[in-house]
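Shown next, in structure tokens, is the structure this report addresses.
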Protein chains: 2
Amino acid sequence: MPDLRRLPKSIATVCLSGLLPDKLEAAAAAGFEGVEIFENDLLTFDGTPADIRQICADLDLAITLFQPFRDFEAMPEPQRRRNLDRAERKFDTMQALGAELILVCSNTHAAALPEPERAADDLREMAERAAQRSLRVCYEALAWGRHVNRWRQAWDIVRHADHPALGLCLDSFHTLSLQDDLAGLAGAVPAEKLFFLQLADAPNLAMDVLSWSRHHRLFPGQGELPVASFLRDLLAAGYAGPLSLEVFNDEFRTAASRRIARDGLRSLIWLEEQVGAAPLPALPKLSGVEFMEFAVDHAARDELGDLLGRLGFRHAGTHRTKDVELWRNGGANLVLNAEPDSAASERFEQRGASVCAMALRVDDPDRLVARAQALSYPVWRERIGAGERRIPAVRAPDGTLVYLVEAATAATRPIWEDDFRVEPGVDAAGLLGVDHVAQAVAPGMIDGFVLFYRTLFGLEPDALWELADPYGLVRSRAFVGGAGSVRLPLNVSQSGNTGTGRFVSALAGAGVHHIAFTTADAEVEMERAAARGAPMLDIPENYYEDLAARFDLDDGELTVLARLHLLYDRDPEGGSFRHAYTHAFHDRFFFEIAERRDGYRQYGAANAAVRMAAQGRRRTGGD
Amino acid sequence: MPDLRRLPKSIATVCLSGLLPDKLEAAAAAGFEGVEIFENDLLTFDGTPADIRQICADLDLAITLFQPFRDFEAMPEPQRRRNLDRAERKFDTMQALGAELILVCSNTHAAALPEPERAADDLREMAERAAQRSLRVCYEALAWGRHVNRWRQAWDIVRHADHPALGLCLDSFHTLSLQDDLAGLAGAVPAEKLFFLQLADAPNLAMDVLSWSRHHRLFPGQGELPVASFLRDLLAAGYAGPLSLEVFNDEFRTAASRRIARDGLRSLIWLEEQVGAAPLPALPKLSGVEFMEFAVDHAARDELGDLLGRLGFRHAGTHRTKDVELWRNGGANLVLNAEPDSAASERFEQRGASVCAMALRVDDPDRLVARAQALSYPVWRERIGAGERRIPAVRAPDGTLVYLVEAATAATRPIWEDDFRVEPGVDAAGLLGVDHVAQAVAPGMIDGFVLFYRTLFGLEPDALWELADPYGLVRSRAFVGGAGSVRLPLNVSQSGNTGTGRFVSALAGAGVHHIAFTTADAEVEMERAAARGAPMLDIPENYYEDLAARFDLDDGELTVLARLHLLYDRDPEGGSFRHAYTHAFHDRFFFEIAERRDGYRQYGAANAAVRMAAQGRRRTGGD
């Protein structure tokens, strides 16, 4: 296998938003070494191709490909002749640009002839003309090509054409979207005929492949296609050209190009690790959420403390040097940060009382910091007082800090607690810890979060749920790791009217929307919460009528569930779930108390509509 | 055929956003006589079923259906027994609600048995239990049912069950999405077995039918399914129940429920006309755009007048009593309205200088007003001065007025001109009239516009184009009528960063974004415009290089096109198009000069990316 780190990393300009100079600057700023010039970006540019050549030279960007050249091969006359003239004109442009390789994608024209020999003749002629100018041509099977849509067909044509300036372009989307693979590539195709590689991932969608390709491609690691295995096969066949991203994505087209370019580069760095060619510092071993941290001022802290008290938390410690409190209930730790001139106070000014950080337990914080740096994720170090421990952190795409805390044994206490003076008192033991942390994310930011969770932490996507808020749909998918000890659902809504959409608008991006705590006995926990006057979300009686129809619950249990505002769910494997929600705090976040029985693995999505309607009623003053 | 006007109009609560009481109020306010209660809306309601019964009674709404009851028939024991218990519980709810009919949709459960006899037995048992409470059951083939997905299969089961309280529910989406129809229904199924009808349209999408159904259904007339023919067949078979809409649509879920409910009712009124059962005042005969009207103040009028002058318009008349000017170039009429305390001045305050009205030539304005009233579209009559003509108008969904002007003969002048004192002078004769009027529309409003254009004016949808703005995608589809004399493209962008998206955000909805004028000779027209110093959009040289590669244009013609900022397109039938754009006026609207040769029927979509990039460059200060 070649040393992948020596293969230049490249990105097609069509992946990025803006005008061509913006796209080139974004690609260079992210660290790409090459770009594919998507022809439309050149047509809309108001300078010459030579200007682009100069901009690329100044940015140290190679032009790895000029593309696409469409509907070329196997046309009847007079189109055949005209297509060759067209190619000559594009060769002029390429020479002005300083681009050496052009992509011909398989013909989609209705008039294209079903004759591979004709296609081979035409491509040989084009390659011969290219060669006279020291240019080269690569041929790619489009998944929706009229007669050629598999790489094996494209290879047959290239082989028959038999010209040194003609080779193959392979594209992970065009191959994998047809459930095809590269089996047989090594051996069949000489390495020197593998001219170019385009990489894209995508979600598994059952739709026509053209629309799927044009709107829903993603960077490797953001979707569900086996891109790593595709790349492995190609490298095994001796491919030694650039690793180049070609992604058509409606959200990428409108997002900030520098952010998208950075994610693109990360996806290639991660992919190199996946194929075993360029290792990164290893993935962490995760073992749960150590604490959640809230940005507050004193008034919000008093109010939040009151709510936490009713949920059985007690003020368990005070920071030695900062205006920060530790609240605890059993295994659940919450940090309330009112320190002025800190990252938390900045967050409070932007967002009001809100979650500003979470801490994950990992086996080796320093190794994870090194991994973050290798992936260009920003690392954060808070200023500390004398003798305090420095807890490393990385910044999530929305700016939330993710602290990395070494997992303590049962006998020790976590080192971050050294910074707190523990208050005397007896901790409650009702909560076992954090069950899951749900974040609401703007539609344009979701793919960046997915990449962050998967590439940095190794979290894996769970099932996708569609939740019916009374004012629009919310899509939810959890990312899970550490044998289920870390569960992070991401919620996204195209609508600005849903609870998720409103929260995201208020935050201008994304943030933690709710925190679920695990308990061993939700009924006991909720009895206590009721006794303490905890403000729990009212659940309509009709919900319990329906539960009675759907599940085999006796009337006694139903009565208890209804009295305690507990929702109920069961999964196909027989696990069951009891959970209740608090009212939202300052319209920002809310808490959930949850009990998983018999290995229940979901998140109560079946009850989300009831919860969201109850929250909508409260927002609109209905109760 | 029964008198359709006697069939109650009904809507499923799932079509509308909000909490159940809001949905019911919206349905009643729109004029529906019945509602299907979607069970989830009841579960999330915080009152009793009897409360809903009372609300419906107060609103004079019948509950036409309780739905859905899922995964019932042909299950193995013990689920079979439990499902019957579940049915009994739902019957309790129905009796409290005052709902008489429940919908059972065909089983999708993995454990469902492929045994129609078992299904018939189970449904007979359920129907018998329902009958004991004077309730009824209808059975529907879901398009993705595990063993039953065609209405003929559902009918076989209902026929075998042979119970008077059991009948069929037919759903246009479930039938038409599988390219099935109701052929053979009349004759095979007795009319008294046709218990219920659900109506939905949809765009033609090549995707899995479950996602298509759950997210993309539309009201009849908004999509592409042959819903009218479906209804005709059902009525021919003797159906005499309610006409009920059941639409799952992501945009409807988040839009204002009263607006969506009104559109739903309009779609049914239109559908009744389509099947020939309840005629409306006939569709208009359209013959072009008579004038466009702009809301301005005096400063904007001076500035706009200057721009119009450079395009060859002259100030041709002044209103007799209002602060309104008529500008004219050949067959193109523009009205500049600066009248205080008018609809135009209100619009100016909201939107700045912008299009506030357009006038269409129709054969009979009064008949079209009557049609608008029958469809509940708001009719507008401006206050007028003594002796002035009252021009009737309807309001488009964004508030733009559409004046209805009787077509004048070549010898006469339009009656609306009576209101103007014509200024002496010679009209230019460069422009033939308005070619098309493009509106930018927020994503949530597009289906309302489609309904307005189709049901009121009889405009028909043209091809859908996807246009690549540098900052996101724009989708465009023209609605055409009057033998091509009225062409109204609607542009929509999910992104707020595109030119379309920015315009829509600034207007908080929709509005006219550009006006194209036809000319018989674009080159002559643009030579004159250049001589007058008209501010035309610069087109990059690279565009013309590409034109040379794509089309058989000689260098002389290319040089002329480039000098005059003219874009060029050709359609598959050999028609050609030459067009140029002005700079945007106050970042609000822009003009296009267009020449169609040899029957060119499109809108130059192939050039949109070049135009949008040039506009983006101007916005961002690039030139």
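Just for the stretch A:4-274, what percent of DSSP beta bridges are antiparallel, to the closest 5? Mind dumping the intermediate values first?
On the way: 2 of 29 bridges.
Rounded to the nearest five, the antiparallel share is 5 percent.
Take the Cβ-Cβ distance between residue B:229 and residue B:59 as r, set R0 to 41 Å, and report the resulting FRET efficiency rounded to the nearest 0.05.
Numbers: r = 33 Å, r/R0 = 0.80.
Rounded to the nearest 0.05, the efficiency is 0.80.
As a test of the formula, what do you get for chain A when each DSSP H run with n ≥ 4 contributes -39,500 (n - 2.57) and the sum is divided by the residue count, at 222 nm and rounded to the nearest 500 deg cm²/dmol? Mind dumping the intermediate values first?
Values: 20 runs with 207 residues, N = 623.
After summing the helix terms and dividing by the residues of chain A, the value is -10000 deg cm²/dmol.
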(message) With a cut-off of 8 Å between alpha carbons and a minimum separation of six or more residues, what is the relative contact order of the stretch A:286-619 in percent?
(response) 16
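How many Cβ atoms of partner chains, on average, are near each residue of B:43-53 if near means within 10 Å of its Cβ? It would help to have the intermediate numbers written out before the result.
Values: counts 13, 14, 7, 12, 3, 4, 3, 0, 0, 1, 0.
Per residue, the number of nearby Cβ atoms from other chains is 5 on average.
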(request) Highest first, please rank the peptides A:141-154, A:550-563 by the mean number of other Cβ atoms sitting within 10 Å of their residues. (result) A:141-154, A:550-563
(message) Below 11 angstrom from the Cβ of residue A:414, what's the summed charge of the other residues (Lys, Arg +1; Asp, Glu -1)?
(response) -2
(request) Could you grab the relative contact order for the stretch A:4-274? Cα pairs under 8 Å, six or more apart, rounded to a whole percent. (result) 21
(request) Would you mind listing the distances between the residue A:302 label point and the same position in each other copy? Use 7 Å along Cα-to-C-beta, nm, one decimal, shortest first. (result) 6.0
(message) Of B:540, B:38, B:530, which is farthest towards the positive pole of chain B's charge dipole, taken about the Cα centre with +1 and -1 on the beta-carbons of Lys, Arg and Asp, Glu respectively?
(response) B:38
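At 0.36 nm per residue, and after removing the present C-alpha to C-alpha distance, how many nm does the segment from residue B:408 to residue B:81 gain when stretched out fully?
On the way: separation 327, 0.36 × 327 = 117.72 nm, distance 7.38 nm.
Between residue B:408 and residue B:81, full extension yields 110.3 nm more.
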(request) Restricting to chain A, compute how many DSSP beta bridges are antiparallel as a %, nearest 5. (result) 60
(request) Between residue A:307 and residue A:427, take the C-beta separation as r, use R0 = 30 Å, and let me know the FRET efficiency to the nearest 0.05. (result) 0.95
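From other protein chains only, count the Cβ atoms within 10 Å of every residue's Cβ in B:548-554, then give the mean.
Working: counts 4, 11, 3, 2, 3, 0, 0.
Partner-chain Cβ atoms within 10 Å, mean over residues of B:548-554: 3.
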(message) Within 12 Å, Cβ to Cβ, of residue A:123, how many net charges do the neighbouring residues add up to if Lys/Arg are +1 and Asp/Glu are -1?
(response) -3
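Roughly how many percent of the accessible protein surface of the stretch B:463-580 is carbon and sulfur, given a 1.4 Å probe and a whole-percent answer? Provide the component values of the computation, followed by the final result.
On the way: 2020 of 4190 Å².
So the carbon and sulfur contribution to the accessible surface is 48 percent.
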(message) Need one value for B:463-471: mean number of C-beta atoms belonging to other chains within 10 Å of its residues' C-beta atoms.
(response) 4
(request) Over the stretch B:286-619, average the accessible area per residue using a 1.4 Å probe and give it in Å², no decimals. (result) 36
(message) Rounded, prolate or oblate for the stretch A:1-86? Axes are the square roots of the Cα gyration tensor eigenvalues, ordered a ≥ b ≥ c, and the cut-off for rounded is a/c under 1.5.
(response) oblate
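Output the relative contact order of chain A, whole-number percent, from Cα pairs under 8 angstrom with separation of 6+ residues. Walk me through the numbers before you get to the answer.
On the way: 1306 pairs, mean separation 61.2, N = 623.
Rounded, it is 10 percent for chain A.
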(request) Based on the mean of other Cβ atoms within 10 Å per residue, sort peptides A:76-82, B:175-181 so the most packed one is first. (result) B:175-181, A:76-82
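If a/c stays under 1.5 just call it rounded; otherwise compare a/b with b/c (prolate if a/b is bigger, oblate if not). Do that for the stretch B:286-619, with a ≥ b ≥ c from the square roots of the Cα gyration tensor eigenvalues.
On the way: a/c = 1.56, a/b = 1.34, b/c = 1.17.
Prolate.
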(request) Output, in nm with one decimal and in ascending order, the distances from the residue A:191 label point to the matching label points of the other copies (7 Å from Cα along Cα-to-Cβ). (result) 8.0
(message) For the protein assembly as shown, give me the percentage of DSSP beta bridges that are antiparallel, rounded to the nearest 5 percent.
(response) 60
(request) Identify, among A:197, B:260, B:66, the residue whose Cα sits farthest towards the positive end of the charge dipole of the protein assembly as shown, taking +1 on the Cβ of Lys and Arg and -1 on the Cβ of Asp and Glu, with the dipole about the Cα centre. (result) B:260
(message) Tell me which of A:176, A:274, A:54 sits at the most positive position along the dipole axis of chain A, charges placed on C-beta atoms (Lys, Arg +1; Asp, Glu -1).
(response) A:54
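Hey, got the dipole for the protein assembly as shown? About the Cα centre, +1 on K and R Cβ, -1 on D and E Cβ, debye to the nearest 20? Write out the running numbers ahead of the final one.
On the way: 136 positive and 182 negative charges, 88 e Å.
Roughly 420 debye for the protein assembly as shown.
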(request) Go through A:405, B:209 and list them by solvent-accessible area, largest first, probe radius 1.4 Å. (result) B:209, A:405
(message) Taking the rotation axis that maps chain A onto chain B, which residue of A brings its Cβ closest to that axis, and at what distance in whole Å?
(response) A:207, 2
(message) Quick one: the Cα spread of the protein assembly as shown along its three principal axes, in angstroms, biggest first?
(response) 94, 77, 63
(request) State, in square angstrom and to the nearest 100, the accessible area buried between chains A and B, both chains counted, probe radius 1.4 Å. (result) 4200
(message) At 1.4 Å probe radius, can you tell me the per residue accessible area of the stretch B:4-274 in Å²?
(response) 34
(request) Note the distances from residue A:8 to each other copy's matching label point, with points 7 Å along the Cα-to-beta-carbon direction, in nm, sorted shortest first. (result) 7.2
(message) Can you give the local net charge around residue B:499? Use residues other than it whose beta-carbon is closer than 13 angstrom to its beta-carbon, Lys and Arg +1, Asp and Glu -1.
(response) +4
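Would you work out the charge dipole size for chain B about its Cα centre, treating the Cβ of every Lys and Arg as +1 and the Cβ of every Asp and Glu as -1, and quote it to the nearest 20 debye?
Values: 68 positive and 91 negative charges, 165 e Å.
So the magnitude is around 800 debye.
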(request) Between the alpha-carbon centers of the stretch B:91-129 and the stretch A:526-583, tell me the distance in whole angstrom. (result) 27
(request) Take the alpha carbon atoms of the stretch B:313-342, find their center, do the same for the stretch A:451-481, and report the distance between the two centers in whole angstrom. (result) 57
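How big is D for the stretch B:188-333, in µm² s⁻¹ as a whole number, if Stokes-Einstein is applied with the Kirkwood radius of its Cα pairs at 25 °C and 0.890 mPa s?
Working: Rh = 19.8 Å.
D, rounded to a whole number, is 124 µm²/s.
So if I place +1 on the C-beta of Lys and Arg and -1 on the C-beta of Asp and Glu, and nothing else carries charge, what would the dipole magnitude of the stretch B:4-274 be about its Cα centre? I want it in debye, nearest 20. Kindly include the intermediate steps, with their values, before the conclusion.
Working: 30 positive and 40 negative charges, 21 e Å.
That gives the stretch B:4-274 a dipole magnitude of about 100 debye.
Can you tell me how the stretch A:239-312 classifies by the Cα gyration tensor, rounded, prolate or oblate, using a/c under 1.5 as the rounded cut?
On the way: a/c = 4.58, a/b = 2.03, b/c = 2.26.
Oblate, since a/c reaches 1.5 and b/c is not below a/b.
The values are calculated or read from the model by the stated rules, or taken from the named source; none is laboratory data. This is a predicted model, so every value here is computed, not measured. Please note: Cβ atoms are built from the backbone with ideal geometry, for glycine as well, and neighbour counts cover all protein chains shown. Remember, those area values only see protein heavy atoms, side chains included, never the ligands or the DNA or RNA. Shrake-Rupley method; radii C 1.70, N 1.55, O 1.52, S 1.80 Å.
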